[in-house]
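Note sheet for the following structure.
The values are calculated or read from the model by the stated rules, or taken from the named source; none is laboratory data. All figures in this text were calculated on a predicted structure; none of them were measured in a lab. Cβ placement follows ideal geometry from the backbone for every residue including glycine, while neighbour counts extend to all protein chains displayed. Accessible surface areas use protein heavy atoms only, side chains included; no ligands, DNA or RNA. Shrake-Rupley method; radii C 1.70, N 1.55, O 1.52, S 1.80 Å.
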Amino acid sequence: MNYIIFDLEWNNAYSYVSKGFMNEIIEIGAVKLNERLEIVDTFKQLVKPKITKKLSGRCKNLTNITNEELKENGISFNDAIANFAQWSSGYGNVFLSWSNSDLYVLAADYQILLGNVDISFISKYCDAQKYCMSFIEKEDKNQVSLAKCCELFGIDIDTSSLHRALTDCYLEAECFKKVFDRNKIKKYIVDCDKTFFERLIYKPYLITSPKSQLFNVYEQVILCPDCNSEMDRLKGYECVNKSFRCPTKCTVCNKSYWTTVRAKKTYDGVVVSVKSVDMNKKKARRLSQSKNQQKNNAHL
Ligand SMILES: [Zn+2]
């Protein structure tokens with residue numbers, strides 16, 4: 001069993017296929033640690049971009065990778081992944097990266113470039129940043145950068161070579177060794193199957209169609225916030241801000257409400273939230289809002 005610490009460098013590119021920006025991997029770096037945490041091998045591979053041939057200015061500045069370098073030494077994503085998978089193979093190997101954003105980019109690139117997320121060579125993963133941060137007294141909840149973590153752990157770094165995949169891996173390995181705990185690490189290792197990667201790149205969205213195979217807002221039972229009885233709808237739903245809204249009434253309490261139903265499609269299904277606001281209160285709030293608006297307008 002080995003620990004594979006990997007790091008990816010990527011270039012932000014616009015994909016006409018997926019109609020959006022993506023981070024296209026241009027370099028894979030990795031170090032292999034044995035169970036005694038000794039570095040036994042390294043991996044370094046430039047990847048020729050397919051989506052955009054030209055690197056963004058930000059990417060060039062951050063990584064110092066040049067277009068010429070990629071042209072000369074880069075290989076296709078498919079080949080690079082195949083090499084990396086072969087190099088990193090081994091029973092029970094645990095893959096680590098600094099925050100799961102590298103894992104996310106890997107899965108997203110798989111989906112766009114290869115049309116699937118069968119990243120079967122990674123079966124165990126640990127977010128090294130999360131693990132290392134658990135040893136840091138946090139003043140704020142911000143995520144700690146690798147450079148900051150090295151500073152806190154007293155590890156010397158040469159900032160000029162930061163953000164090159166392999167250099168970052170060496171530094172991550174140093175941080176990891178500094179706080180390694182055979183028992184504690186177990187809690188941070190997750191099993192990765194295909195659904196793990198599908199879930200990772202899934203983008204939840206709010207449903208805006210009142211009736212579809214996924215969801216029918218008219219089947220939603222609306223309960224009174226006071227007495228929990230089923231309420232009546234006074235009108236049909238209208239879609240406002242990606243939610244469905246309609247006036248409702250509790251015949252037990254004899255009170256009217258504005259009910260808002262929000263339906264979010266997630267990887268696992270549809271999550272529905274229902275909120276009913278006292279109609280009078282809401283009307284009152286609206287009135288005060290419009291009054292404030294008038295005041296503001298008067299100030300202008
Ligand atoms: Zn009621």
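A few notes on this one:
- 5 angstrom amide H check on Ser76, placed H, neighbours 5+ away: Lys48
- Restricting segment 84-153 to trypsin sites (Lys or Arg not before Pro) in coil, as DSSP defines it, with at most 16 other Cβ within 10 Å: Lys138, Lys141
- Tail beyond 24 Å, pair distance distribution of segment 1-95 (Cα, percent): 29 percent
- Here the chain is assigned +1 on the Cβ of each Lys and Arg and -1 on the Cβ of each Asp and Glu. Its dipole about the Cα centre then comes out at about 2220 debye.
- Mean residue ellipticity at 222 nm, helices only, the chain: -9000 deg cm²/dmol; runs of at least 4 DSSP H residues each add -39,500 (n - 2.57), and the sum is divided by the number of residues.
- For the chain: accessible area per residue (Å², 1.4 Å): 58 Å²
- Bridge type composition, segment 1-142 - antiparallel percent by DSSP, nearest 5: 75 percent
- Under the criterion of Cα pairs below 8 Å and six or more residues apart, the relative contact order for segment 227-280 equals 27 percent.
- Close amide H contacts of Lys124 (hydrogens built in the peptide plane, cut-off under 5 Å, sequence separation of 5 or more or a different chain): Phe95, Cys192.
- Scalar couplings 3J(HN,Hα) for segment 98-113, obtained by applying the Karplus form with A = 6.51, B = -1.76, C = 1.60 to θ = phi - 60°, are 7, 6, 7, 5, 5, 5, 4, 4, 4, 5, 5, 5, 4, 4, 6, 8 Hz; x denotes Gly and Pro.
- Beta bridges by DSSP in the chain, antiparallel share as percent, to the nearest 5: 90 percent
- Residues Lys44 and Lys124, FRET efficiency given R0 of 22 Å [Cβ-Cβ distance, rounded to 0.05]: 0.45
- Distance-filtered residues of segment 247-264 - backbone nitrogen under 19 Å, label point 7 angstrom along Glu219 Cα→Cβ: 261-264
- Phi-based couplings in Hz for segment 231-241 (Karplus 6.51, -1.76, 1.60; Gly and Pro marked x): 9, 9, 8, 8, 8, x, 7, 10, 8, 10, 6
- Residue-wise HN-Hα coupling along segment 190-200, computed from phi with Karplus coefficients 6.51, -1.76, 1.60 (Hz; x: Gly, Pro): 10, 7, 10, 10, 4, 5, 4, 6, 4, 5, 4
- Solvent-accessible area assigned to carbon and sulfur over the chain amounts to 48 percent, based on a 1.4 Å probe.
- Pairs from the table (Lys148/Lys184; Lys32/Lys184; Lys54/Lys130; Lys48/Lys265; Lys50/Lys130) lying more than 27 angstrom apart at Cα are Lys54/Lys130; Lys48/Lys265; Lys50/Lys130.
- Of the GluC sites (Glu not before Pro) found in segment 5-92, the ones in coil according to DSSP and having at most 14 other Cβ atoms within 10 Å of their Cβ are Glu35, Glu38.
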